[in-house]
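Nothing in this text is a laboratory measurement; each read-out follows from the coordinates by a stated rule. The shown structure was predicted, so the numbers you read here are calculated from the model rather than taken from an experiment. Neighbour counts run over all protein chains shown; Cβ positions are idealised from the backbone, glycine included.
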Amino acid sequence: MEGPPRMSRLTVTQNEQAKVEDKVSDIYRVLVNVSPRAHSLILELWRDKHVEFLMRGLRMLAPSYHVLDANRPWLCYWMLHSIAQLGESFDPQLEEDVVDFLSRCQDPNGGYGGGPGQMPHLATTYAAVNSLITLGSEKALMSINREKLCLFLLRMKDSSGAFRMHDAGEMDVRASYTAISVASILNILDSEMVKNIGTFIVSCQTYEGGIAGEPNSEAHGGYTFCGLATMILIGEADRLDLPSLIDWAVFRQGVEGGLQGRTNKLVDGCYSFWQGAVLGLMQRLASIISGQLRSLYVNEKQDADNKTSVSASGPSEGELSSNGFSFLKTPSEGGPLYDSSALQQYILLCSQVLEGGFKDKPGKYRDHYHTCYCLSGLSVCQYSWSRDVNNPPLPTAVLGPYENLLEPVHPLFNVVLDRYYKAHEFYAGSPSANLTKPSMEESGVMNFDG
Amino acid sequence: MFIPLKHTTKFPYLPLSTIIPQSKRPTKINSAPPSEYPIPPPKTVFPTNRSDLSIDDAKCDVFIGRRRRLRGGEAPDLHEERVGRRGARPQDDGPNPVVQIVYTREFRETMDYFRAVYISDERSPRSLGLTAEAIELNPANYTVWHFRRLVLETLNSNLQDELKFIESVAAKISKNYQIWHHRRWVAEKLGTEATSAELIFTKKILSLDAKNYHAWSHRQWVLRALGGWEDELDYCCQLIEDDIFNNSAWNQRYFVITRSPLLGGLQAMRDSEVDYTIEAISLHPENESPWRYLRGLYKGDTVTLTSDPRVSNICNKVLKSNRSHVFALNMLLDLLCYGFVPCEELRITINALKSSGSDSPDLGLASTICSILESVDPMRSNYWAWRRTNIPFQVC
């Protein structure tokens, strides 16, 4: 041996990566030495334990949770959505209590805050709306003041087109997604809300291919999901460079089987959804992608120049909210562009906590956030070979026992599919046009921050 | 062997077909609250009468004074001092709360007093003190931060002191939207007098975690809004030298060469940047960051990308070096799709990588690359198969 020991020459990134690889490979090594029957046991989804962990959290949380005191609708969503994906129903009393609690978080002037009496915030509004849709009762769906919510969303819209998280709050791709997602699912999306968002999100796509939180920041899985989902919901996905986005996203899957959030960062179970759903969404954008490839590649430019742009004409008022619904009717082409089996293996063996719940990676602790997004990622994986998400997948698409199969989710909103359909039907009769709402000038929404 | 070792022996992946059906249904879980936190839910009614909102000044001041004293020393039993908190505003969680957090007494009292001054919109020094207490307990409470800004504006407070306050909070938790949004607000008010302090502050945070997303966003905002570009490229060089895999540093480098008013933009910088990047690739061809950066240098200009011999040369060099091939092959695949015509030497290098088993001499070069990638990079075999179906007709 010559030179200094190898470890001392490794950079911080290499050292951290090596540590994770060692832990994961120790876990996977067990697989090699057990019988096929034991595989099934090892790869089982511990439903009872997860439901127990989640139901307990819905009622009472330890003092250490005070750091999430401004995120209580999120806690509701993470837990309710996880339970719904596991196929459990909700006790009517619990359902009533959640509706009552979230109503206390609803601001008299629209939107939901992080707890009773807190300012309305777009992220907690998204969490509250998705929670109520997940509960699915008429009472839950009726408890949302859509008229006021619509005004709140317009108040949060900056003159640049992007949204702010709260009154005078930060402006980023999350804000755009949460605003457009709730407006779309509640059937109150209109051209005023959509105006110039596409331009903002396009400006956040980086040279790497992924999308950043703000222009010039680093491509990131969470923001990439938010940006892509927003563009699909407003019917402008063709404005993104999708081939480079796909190329960046597929490389986020590492040797561990799980997904990382950024180039050369560590694997984290929550990106099973953020990145996994991005690649899942791509399967339904096949026609836009092939059009972009035609215009990108050699000698086929003239052909592409003739293609009609989805965004050029712009959908008419009232049609905007239907993008989330019609997207599901587009068949999912081919198989997933990532290794679905390897990702499921990472979620079940490295993120799953046998006492209930999921975690980021081996060596970390479980929490409700990771539980929600590991399960959502697992669900996306299980249906990734299905052309139509309404049909159950073949057993070969589900790693471990077939009982691991979760409920399918709507990949743009991340709510369980049948709850989405119910909400869609419920709000379909009363589109935004029926809501009385003052014009932008009258409500002064553009003036709050210069 | 029942498990096909699909990838490496270090990371065995099970095939999806190893299914053994089990008929196991989850048992019904009782959703009643557990008994481990037998604290009765607060039953309180929010005041509707505005005159009820005035808070008990003496109690509140005593409370703040006590909290200040507590910060340095030990926490005494607070129970004695809780009596008669007239005016403090308990949280209205309703009769049957969900996701109820069992607050410590300290947390509950602080928030009760905060709510009192927030609801009555009292913009006073003691309100400022209360927001500091509340932020210390939960820096993610955006309502508290927002109210703090209103108070700071009304009191015309010293913003340099505010920067110090933020630093004390960030020392404990530096990954939080609220802290950084507040910092941006303060720096924006201070203007260019804050430039160097902000660059030093972010540098300090990045010295602890060189990939802190919020810190990088803030730093970019400082540079664009307030300036201070002079040493930024050197800073990027230093960080890349420390850790060549630090993608955040590469991203910052791209930001600097494309946006710095001192450097003349991407066109002017491209030539020297390509050399710098190719050197980084030669050192670690398995490092994705410089490969993505290299593409970025030719963003929107595939003609220049395909005609720059340095790009195909580095690919050729990596392929011949018997090191990690994936990124070099991916780059070549793109080049070919864009109309690049490879020299004979490169053709030979690529064909030499074909596994001996796959005997398909008539395959086009781009298809050959996809086949090689499918076998050397099985995690993405579906992706490479998809890429193969999208190779333009002329290139096949």
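Key figures
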| quantity | calculated |
| --- | --- |
| From phi via Karplus (6.51, -1.76, 1.60), per-residue ³J(HN,Hα) for segment B:140-145 in Hz, x at Gly/Pro | 8, 7, 5, 5, 5, 4 |
| Alpha carbon centroid spacing (whole Å) that separates segment A:249-302 from segment A:57-133 | 32 |
| GluC sites (Glu not before Pro) restricted to segment B:209-245 and DSSP loop, no more than 11 other C-beta within 10 Å | B:230 |
| Long-range amide H partners of residue A:415 with built H, under 5 Å | A:410 |
| Extension gain, residue A:355 back to residue A:290 (0.36 nm per residue minus Cα-Cα distance, nm) | 18.8 nm |
| Under 5 Å, built H, 5+ apart or other chain: amide partners of residue A:352 | A:359 |
| Simple spin-label estimate for residue A:191 and residue B:173 in nanometres, 7 Å along Cα-Cβ | 4.4 |
| Computed E for residue A:333/residue B:307 - FRET, C-beta separation, R0 60 angstrom, nearest 0.05 | 0.95 |
| Packing-based exposure ordering (other Cβ within 10 Å, fewest first) of A:79, B:269 | B:269, A:79 |
| Under Karplus coefficients 6.51, -1.76 and 1.60, residue-wise ³J(HN,Hα) of segment A:176-192 in Hz, glycine/proline x | 4, 5, 5, 5, 5, 4, 5, 4, 5, 6, 8, 6, 10, 6, 9, 5, 5 |
| Order of B:167, A:52 - criterion: other Cβ atoms within 10 Å of each residue's Cβ, fewest first | B:167, A:52 |
| Dimensionless Rg ratio for chain A, taking C-alpha atoms and the 2.2 N^0.38 Å reference | 0.99 |
| Overall Cα dimensions of segment A:1-159 - principal axes, largest extent first, Å | 72, 47, 31 |
| Inter-label distance, nm, simple model (7 Å from Cα along the C-beta direction), residue A:390/residue A:38 | 4.4 |
| Least to most buried among A:321, A:25 (fewest other Cβ within 10 Å first) | A:25, A:321 |
| P(r) tail fraction, segment B:186-256 - alpha-carbon pairs more than 15 Å apart, % | 49 |
| Derived scalar couplings ³J(HN,Hα) [segment B:335-349; Karplus, 6.51 cos²θ - 1.76 cosθ + 1.60; whole Hz; x for Gly, Pro] | 4, 4, 5, 7, x, 5, 9, x, 6, 4, 4, 5, 4, 5, 4 |
| Under 5 Å, built H, 5+ apart or other chain: amide partners of residue A:112 | A:107, A:121, A:125 |
| Radius of gyration and Dmax over the Cα atoms of segment A:175-243, both given in Å | 11.4, 34 |
| In segment A:109-214, GluC sites (Glu not before Pro) in a DSSP loop with at most 13 other beta-carbon atoms within 10 Å | none |
| Out-of-range pairs (alpha-carbon distance over 26 Å; input A:329/A:359; A:23/B:172; A:265/A:329; A:359/B:204; A:265/A:359) | A:329/A:359; A:23/B:172; A:265/A:329; A:359/B:204 |
